[in-house]
Amino acid sequence: MNYRQKKVGILGGGQLGRMIYEEVLKWDLDLHFMDKDRSFPVGKVCPLFTEGDFTKYEDVLAFGQDKDIVTIEIESVNLEALLELRKQGVTIHPSPDALKIIKDKGLQKMFYEANEIPSSNFQLYQDVESIKSDIANGNLNYPFVQKARTGGYDGKGVAVIRSEQDLMKLLPSASLVEDMVPIEKEIGLIVARNENGETQVYDPVEMVFDEEANLVDYLFAPASLPNGIEKKAKDIAIELITKLNICGLLAVEYFLDKNGHLLVNEVAPRCHNSGHHSIEACETSQFEQHIRGVMNMPLGNVALTTPAVMVNLLGQPEVSGPVHYEGMKSCLAKGNVHLHFYGKEETKPSRKMGHATITDKDLQKAIEKAKFVKNHLKVTV
C-alpha cells in the first residue's frame, strides 16, 4: 500500500491535531482538518484546513465524503454523519459504535460493568432532584463525584460533593454519580491498535492534578508503581481497546486506591494529555502512533528512552486576553526543557495554552526543573 495516496480527514483543529500534523509532516501525508475557525491551532500551520462545525451533520458529511479515512481529535463530533460516511465506504476510526459508548460516561461505566472491567461503583441520574432525593432517602451518601454524562472536557463537567454545603455545585444535567475513591495515585497510559490487531502499550505515567482546575498539573514518566500494577494496567488497556474494536489510540486513566486496587476511571479514543511526553521521551510519539494505527501502518516501538516530566502551561487565574508568555528565556537556560505552545491567540483562566516536557536521566532532577518551569513560565497578557 502507498500510504501517501490515502486522504485522511481529522475532525478537530485544536492542539492535539496540531501536534499530529507537526509530528507526521516528515511523511508528507495528505492530512486534512476541519474546525470552526482557521485561527485555531491547526489552521495556523496546515494548509489543508476546512472551516466547519464538527458537531453538525451536514458539515461532517461534506468534509468526509472525499476522504479515505476519517478520525478525530475530540469526542464531541456528529455520530450520525460518521455512521453515514461509514455506509458510503469511508473508514472511520475510532468506530462510531465505540465512540457512542465513550462519549456518554454512563454508557462507559455500563460497558465496564458488562465486561467485568474494574471500576468504581456508580449510579445514573436524570436530574439534580433525583440525586437530592436519594440523599434524603439514605440511598446516596457523601462524599461522591458527579459527572455529566456528555460534554465534559478538560476538567469541565465534574462536581466533587463532600457534604450538604457542596450541593450547590451539582450539575444540572443527566449524570453519573460515583463513589469517591480513596486515591493513592492516578495513573494513565496510552494503548495503540491497528486493523491487523497489532497492539502497543506505552508505559504508565503518574498524574498529579491541579485541584482547582481539575486538570493535570504534572506528569511523571516512568510511574513508580507497586509490583504487578504496571502489567495489570497494560493488560486491561489491551482488553479495552480490543473489546471496543478501536484502531488508533485509546488513553486509559486509572485510580490506584489505598488498598492497592486498580480501577479504570475513564477512557478517551484519541491522543491525550497523558501522552504528551512521548514526543521527546519515547521512540514513537503518541501523535505519530495514532496515524500509524488509523492508517493500518505497522505500529512504532513505544519504549521510554529517558525519564521525563510534563507540566501543563495554563492560563493564569483571572486573566483573559491576547496571550503573552513570560519567563521563556530562564526556562530554556535550564537545558532539556522542551516548550510547546499551542498557537492559541487568547488566554483564559486555566485554559491549556501549552506544555513543557523536561527530560533527564535522573527523574528527580527533571522534577526539580519542572517545578522551576511551573513557577517561572507565566501565561499572561
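Brief remarks on what is shown
- Taking amide H positions as modeled 1.01 Å from N, with prolines and chain starts lacking one, the residues under 5 Å from Ser350 and 5 or more places away or on another chain are Gly315, Gln316.
- Modelled FRET efficiency - R0 22 Å, Asn245 with Thr55, Cβ distances, 0.05 increments: 0.40
- The GNM of the chain, with springs linking C-alpha atoms under 10 angstrom apart, assigns the highest mean-square fluctuation among Ala174, Ala223, Ala281 to Ala174.
- Shown for Cys46, Cys282, Cys271: other C-beta atoms within 10 Å of each C-beta, ranked fewest to most, produce the order Cys46, Cys282, Cys271.
- Options [x] 5, 25, 35, 24, 9, 1, 0; [y] 5, 23, 33, 28, 11, 1, 0; [z] 5, 24, 31, 24, 12, 3, 0 - which one matches P(r) over Cα pairs in 10 Å bins from 0, in percent as calculated here: [y]
- DSSP-loop GluC sites (Glu not before Pro) across the range 257-310, with at most 14 other Cβ within 10 angstrom: Glu283
- Inter-label distance, nm, simple model (7 Å from Cα along the C-beta direction), Glu318/Leu25: 3.9
- Net lengthening on full extension, Ala114/Asn375 (0.36 nm per residue, minus Cα-Cα): 89.5 nm
- In plain terms, the chain from Asp97 to Ala303 could stretch by 71.1 nm, reckoned as 0.36 nm per residue minus the Cα-Cα distance.
- Candidates per trypsin sites (Lys or Arg not before Pro) in the range 227-279, loop by DSSP, up to 13 other Cβ within 10 Å: Lys258
- Phi to ³J(HN,Hα) by Karplus 6.51 cos²θ - 1.76 cosθ + 1.60 over the range 14-31, Hz, x for Gly, Pro: x, 5, 5, x, 4, 6, 4, 4, 5, 6, 9, 4, 4, 8, 6, 7, 8, 8
- Within the listed set Val77, Val160, Val216, the residue fluctuating most in the Gaussian network model of the chain (springs between alpha-carbon atoms under 10 angstrom) is Val160.
- Low-density loop positions, GluC sites (Glu not before Pro), the range 85-192 - DSSP coil, at most 10 other Cβ in 10 Å: Glu116
- As a length-normalised measure over Cα pairs under 8 Å and 6 or more apart, the relative contact order of the range 121-179 settles at 48 percent.
- Candidates Gly89, Gly52, Gly354, ranked by Gaussian network fluctuation over the chain, Cα under 10 Å, top entry: Gly89
- Of all DSSP beta bridges in the chain, antiparallel share, percent nearest 5: 80
- Arg162 versus Lys87: modelled label distance in nm, points set 7 Å from Cα along the beta carbon direction: 5.1
- Between Gln65 and Gln5, the modelled labels are 2.4 nm apart [label points 7 Å from Cα along Cα→Cβ].
- Length added when fully stretched, Asn141-Asp257, from 0.36 nm per residue minus Cα-Cα: 39.9 nm
Rule-based calculations on the coordinates, nothing more; no lab input. Please read these numbers as outputs of a predicted model, since none were measured by experiment. Positions of Cβ are backbone-derived with ideal geometry, glycine not excepted, and every protein chain shown enters the neighbour counts.
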